[in-house]
Amino acid sequence: MTRSRAASLLSVVLMAMVWVTPAAAQEANFEGKTIRMVVGFSPGGGFDAYARAIARHYGKYLAGKPTVVVDNMPGAGSLIAAIIRTIKRSRMA
């Protein structure tokens, strides 16, 4: 086997290892969990439609296939959703 062929084979093997390792490391990150997607506008509007379309497919592409729920919090130009989300996030920390 020539040096160039050995180097090519080695590079292919290393790339395959790098490509497969992250997928194996993320196997059960979201398994059995629910992701809550907060939308700051009322149900039935444009933002709600986009959020529901994204939520329908989002869980399929995350490790563990979590359930994605759209939560509408209209009011104050979506400021209420932002404030509530910030408060809940600070309590988790």
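Nothing in this text is a laboratory measurement; each read-out follows from the coordinates by a stated rule. Everything numeric in this text was worked out from a predicted model, so none of it was measured. Cβ sites come from the backbone with ideal geometry, for glycine too, and all protein chains shown count toward neighbours.
Extension gain for A63-A49 works out to 2.6 nm (0.36 nm per residue, less the C-alpha to C-alpha distance).
Principal axis analysis of the Cα atoms in segment 31-92 yields extents of 35, 31, 11 Å, listed in decreasing size. Between A76 and T34, the modelled label-to-label distance comes to 2.5 nm, taking each label 7 Å out from Cα in the direction of the beta carbon.
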